[in-house]
1. How do H165, H324, H122 line up, fewest other C-beta atoms within 10 Å first?
2. Once you have the Cα-Cα distance between K211 and D311, take 0.36 nm times their residue separation minus that, and quote the gain in nm to one decimal.
3. Mind checking the angle between helix 270-289 and the chain's longest principal axis? C-alpha axes, 0 to 90 degrees, to the nearest 10.
4. Using alpha-carbon pairs under 8 Å, 6+ residues apart, how would you state the relative contact order of the stretch 90-197 in percent?
5. With a cap of 15 neighbouring Cβ atoms within 10 Å, and only residues DSSP puts in a loop, list the trypsin sites (Lys or Arg not before Pro) found in the stretch 183-265.
6. Relative to the longest principal axis of the chain, what angle (0 to 90°, nearest 10) does the C-alpha long axis of helix 138-161 take?
7. Which Cα, out of A262, L326, S290, lies furthest along the positive dipole direction of the stretch 244-343 (beta carbon charges, K/R +1, D/E -1)?
8. Note down the magnitude of the dipole of the chain about its Cα centre, charges +1 on Lys and Arg C-beta and -1 on Asp and Glu C-beta and zero elsewhere, to the nearest 20 debye.
Amino acid sequence: MSTDLVSSNYTGIVPGTMLMCLLSTLPGPPGVSIQDAYVQLLPVDKTVCSHVDPIRDISYQLYTRNNPLQPQTLSLHDDHSLYNSYFNFSEPTILFFHAFFESSTSTTATIMRTAYLQRKDHNILLLNAPRIEAGPWYLTAAKNTRIVGEYSAQFIDYMVSRGLHLPSLHLIGLSLGAQMAGVTGKNVRSGRIARITGLDPAGPLFTKWPKSLKLDKSDAEFVDVIHTDAGIFGYPRSVGHLDFWPNGGIAPQPGCTFREIARRNPDAIIEKLFCSHWRSYQFYAESVVSEFSFPAIECNSWNDFKSGSCDFQQQPISMGFLAHPLARGNYFLATNPESPFTQ
């Protein structure tokens, strides 16, 4: 894309969209967190205006072994913040894209950060874009994934120009974040992303949208995907080089029936909707700290797996952190209803 996403020049904007464009630059609209979900009074549609505020709209929160609790904010073209941060160009880097309703401080991002910090050898960058991915405005948030992806590609190119070794970068995205990661991979100009992991990539709308707006296996050298809510909140089909289908990849995942959720947390509201969807990141985070976990078998279907019709003599591969970059196809496995999830 030739559009400069950080330009503040509004020349050429259709008058009917001028108000929306101006509104997108204001501090508001007001929002509130409800059980870890960020809800906003009005949507902020960044597709009508190219201006991206590098702090309020999209920023990247850095955590390392030297700052495991307090993030440092990195932004596009901000050399001062980068060189005064703990970012270590000699270590691998994780860039995590949060989901709809979420931010860099949501439970999902926190659990992913905590898992990688236990390894003590990564730069962990968490996307922070709550106001343009806020609920309940799913259509707007879905359209904004293009903006986040293109902007993040510019950020990666900037980091490469400052010393980031591109093959050491791993993009991970949950739900809408997985689609953002795909758009990012498509638009990086400094080379080819080595790995993108999609955690139950968002399904609604994206099944009808073109490849340019969503994750597919052309976006990186290796694209692995964990499906846990396929056909509801998750994408219903294989999209990567390597697709994992724990418990068939559909809802309800073990431990995610309404009765099981109510037994654990009687006040849960959001979890009842997203439990199966969230299993994807919970499985992945566990795989980061529990190596050689989640062994999966290549198979034609979940029914074949359950009936024992797969070739169980084959060497299983691990779902998640240790997924083999040369493996291809659809792999199945069963998990436990509670943590530890691996069997």
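Read-outs: derived from the displayed coordinates by stated rules, not from any lab. The structure presented is a predicted model; accordingly, all values stated were derived computationally and were not measured. Note that we place each Cβ from the backbone using ideal geometry, even for glycine, and neighbour counts take in every protein chain shown.
1. Arranged by neighbour count, lowest to highest, H165, H324, H122 become H324, H165, H122.
2. Gain in length upon complete extension: 32.7 nm.
3. For helix 270-289, the angle is close to 80 degrees.
4. Reported as a whole number, the value is 34 percent.
5. Filter output for the stretch 183-265: R189, R192, K208, R237.
6. Approximately 80 degrees, to the nearest 10.
7. Final value for the positive-end residue is A262.
8. Result for the chain is approximately 260 debye, rounded to the nearest 20.
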